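What follows is a short report on a single structure.
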Ligand SMILES: Cc1ncc(COP(=O)(O)O)c(C=O)c1O
């Protein structure tokens, strides 16, 4: 086990007691002991339609045997155009251009570069600053951690893009603990953009504001009612682009296709990944307003590259095949509607954990729930880790971030599996110190 330096993992702990997954089907993993593990986290928020889905597996198998790779620069293959058409057809109305990348982190850094370059090609080159938010997670590349606000992920890398600032987090347990769905309080957190940040920096220097509509990886922080709309209004007033990072919230997680549609707020750019291919092949994408695309086209000569950016694996044929099959499957099985239909039941079961040991907040939307625990004195994060391990011992996979548990199952989950998920968490909490 020596050679593999595992990402985002307590390597020494893992190697002392490995948790090894060897196969998967539907809602379940199988580990190397032959145990079935209920997948309460859709892998890493990405296995939207459950595991080992035939139409996706077969599409990828066919693709690898037909066209394994094609260079994406100055060349293309038909599936790239088909995947873009399919994605745009299901995108929020008004976002009609798709740019493919290899992951969520790449999508974010691409979006930040696109925003800055967009202003420049329009002759507004002073707009270079990027505004993120505390407790935001936008992947791990330098752009993403610069605008991100996950303190633990930043402290090892005290180098940032120079021109960034952060809105405050909307997390407000004093007023919003145990909210069901969108919290009542906190729309005014958006006003800080105008009152503090734009005043401090001068609005004409700001290129874009990027937020996760619902912050996932920092602990399921649901936006307060009206908050995103206010951000949109302020951005509009000052010619600032609004980017929604929908790497988690895209593809049905919140009980609607996109968070943008769920909240009725259209950003200028959406970043997505994860569910785009059901987690089967790495892929990310940007959904972009045509005005942004057209500005690049208008600014460059006929044979010039309009946006000098892309990756070796942009629009990889296997990823495109997986995306096409995944989006078809989501539509054919009406999985986003299914998530919406199950969300009331899921909410009830999540909130039934109230009163269990250490539970200081429960929050939920669609098929995602966050359960925030009291931290152990002097050992923040250890209780979350313990609960995760105890759930694993009982055959259930959940995510934890510090002392917050995140539950986000594949959208094919059945009610009895929702029961088991939350009952296992309850029993893990009771067994925990
Ligand atoms: C909102 C958000 N943005 C970006 C990322 C990074 O995606 P990736 O791990 O595919 O680079 C994530 C991953 O969890 C995410 O949740």
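On the beta carbon distance between residue 225 and residue 19, with R0 = 45 Å, the FRET formula returns roughly 0.70. Zone of residue 233 (label point 7 Å along Cα→Cβ, backbone N under 18 Å): which residues in the range 184-213? Those under the cut-off are 184-199. The packing ranking of peptides 299-312, 125-138, 336-349, highest mean first, is 125-138, 336-349, 299-312, where packing means the average number of other beta carbon atoms within 10 angstrom of each residue.
If each residue's Cβ is checked for other Cβ atoms within 10 Å, how do 320, 46 rank with the fewest at the top?
Listing 320, 46 from fewest to most nearby Cβ atoms yields 46, 320.
Largest GNM mean-square fluctuation across 96, 326, 217, computed for the chain with C-alpha springs under 10 Å, falls on 96. Here, P(r) means the percent of Cα pairs in each 5 Å bin from 0 to the largest distance; for the range 233-390 it is 2, 7, 11, 14, 14, 14, 13, 11, 6, 4, 2, 1, 0, 0. Note on residue 311 and residue 81: with the Förster distance fixed at 22 Å, the Cβ-Cβ geometry gives a FRET efficiency of about 0.80. Once R0 is set to 51 Å, what does the formula 1/(1 + (r/R0)^6) return for the Cβ-Cβ distance between residue 360 and residue 303, expressed as a FRET efficiency to the nearest 0.05? Here the calculated transfer efficiency is 0.25.
For the chain, the share of DSSP beta bridges that are antiparallel, to the nearest 5, is 65%. Stokes-Einstein diffusion of the chain at 4 °C, 1.567 mPa s viscosity, Kirkwood radius from Cα pairs, rounded to a whole number: 58 µm²/s. Shape analysis of the range 133-239 yields a ratio of the Cα radius of gyration to the Kirkwood radius, Rg/Rh, of 0.96.
Stretched out fully, how many nm does the piece from residue 261 to residue 57 gain, at 0.36 nm a residue minus the Cα gap?
Full extension of this stretch gives 70.5 nm more.
For the chain, the 222 nm mean residue ellipticity estimated from helices alone, with every DSSP H stretch of n ≥ 4 adding -39500 (n - 2.57) and the total spread over all residues, rounds to -10500 deg cm²/dmol. Computed over the range 236-282, the Cα gyration tensor eigenvalues convert (square root of 5λ each) into semi-axes of 23, 13, 5 Å, ordered from largest to smallest. Average 1/r across all pairs of distinct alpha carbons in the range 156-218, invert it, and you get the Kirkwood radius: 14.0 Å. Over 10 Å intervals from 0, what percent of Cα-Cα pairs in the range 249-314 sits in each interval? P(r) for the range 249-314, in whole percents per bin: 18, 38, 30, 13, 1. Distance between the 7 Å Cα→Cβ label points at residue 44 and residue 294: 3.8 nm.
Placing a label point 7 Å from the Cα of residue 10 along the Cα-to-Cβ direction, the residues of the range 332-376 whose backbone N falls under 20 Å from that point are 358-359, 371-376.
The equivalent ellipsoid that matches the C-alpha gyration tensor of the range 25-105 spans semi-axes of 30, 18, 12 angstrom, in descending order. The label point for residue 142 and the one for residue 423, both projected 7 Å from the Cα toward the Cβ, are 5.2 nm apart.
Look at 400, 4, 385 and count the other Cβ atoms within 10 Å of each Cβ; fewest to most, that gives 4, 385, 400.
Just so you know, all these numbers are worked out from the coordinates, no wet-lab data involved. Bear in mind that the values here come from a model prediction, so they are computed numbers and not experimental data. In this analysis, Cβ positions are derived from the backbone assuming ideal geometry, glycine residues included, and neighbour counts consider all displayed protein chains.
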